[in-house]
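Where a number appears in this text, it was derived from the coordinates with a stated rule and is not lab data. Since we're looking at a predicted model, the values are computed, not measured. As a convention, Cβ positions derive from the backbone with ideal geometry for all residues, glycine included, and neighbour counts pool all protein chains shown.
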Amino acid sequence: MSFRLVVLVSGSGTNLQALLDASADEAFGARVVAVGADRDGIEGLTRAERADVPTFVQKVGDHATREKWDEALTAQIAEFKPDLVVSAGFMKILGPRVLGSFSVVNTHPALLPAFQGAHAVREALSYGVRVTGCTVHLVDAGVDTGPVIAQEAVAVQDGDDEESLHERIKTVERRLLVEIVGRMARDGWTVSGRTVRLGRAGNRS
Ligand code: GRF
């Protein structure tokens, strides 16, 4: 039985698409069983529908409080019994219920802990760094503060604007996310403090 992924999206969903494409090969060891969003009408949901993957939408504004939203999102994710939840461009901070119920990984378009938050690419550019990149990390209660699993660097080029730099980062991000999620599915992982190791204990790569 393959490892079950629920992917959360808020936008174009190209990272989701990379996971959907990877899942087509059984050797990947994981498949996307549902896609959740915090808003309607986004390309990420269309990509899921095209792949015949069930979708759900939980908007914060449809709930009386953020806690109720957290509860509803947890219940909806739980229906799909995921082994791992992947936040792939999901632009909401997950609440304690979701985080207490599932392992969650996130992909972030900067080399954490630099440039946490929603405007990482813009802030890296305006700071003037020459190298930025992307990070796949476990999600904890903070904003982009969870233990790092993997990172890859991307050089800033003269003349880059936010869009061109983000596109180059996303090309790397999609490959890294697929690689890491696949390894987590096939080989498992252990966490000790802030150190995440892929592979089972005694079989560490
Ligand atoms: C990615 O760069 C992700 O790290 C950031 O938003 C982007 C989402 O892209 N939070 P997509 O929706 O997967 O195309």
Could you grab the relative contact order for the range 91-182? Cα pairs under 8 Å, six or more apart, rounded to a whole percent. 29
Separation in nanometres of the label points that stand 7 Å from Cα toward Cβ, at Thr65 and Thr171: 4.8
Which order do the peptides 166-178, 57-69 come out in when sorted by mean C-beta neighbours inside 10 angstrom, highest first? 166-178, 57-69
Find the centroid of the Cα atoms in the range 152-200 and in the range 14-88, then give the distance between the two in whole Å. 19
Summed side-chain charge close to Thr14 - residues other than Thr14 whose Cβ falls under 10 Å, Lys, Arg +1, Asp, Glu -1: 0
All-pairs alpha carbon distance profile, the range 1-93, 10 Å steps from 0, percent: 18, 52, 26, 4, 0
In the range 121-167, taking the dipole from +1 charges on Lys and Arg beta carbons and -1 charges on Asp and Glu beta carbons about the Cα centre, the listed residue (Gly159, Val148, Val121) farthest towards the positive end is Val148
Would you mind calculating the relative contact order of the chain from Cα pairs under 8 angstrom and at least 6 residues apart, reporting the percent as a whole number? 18
Ellipsoid semi-axes in whole angstrom, largest first, where each is sqrt(5λ) of the Cα gyration tensor of the chain: 25, 21, 18
Pop out the Kirkwood hydrodynamic radius of the range 54-176 from its pairwise C-alpha distances, inverse of mean 1/r, in Å to one decimal. 15.5
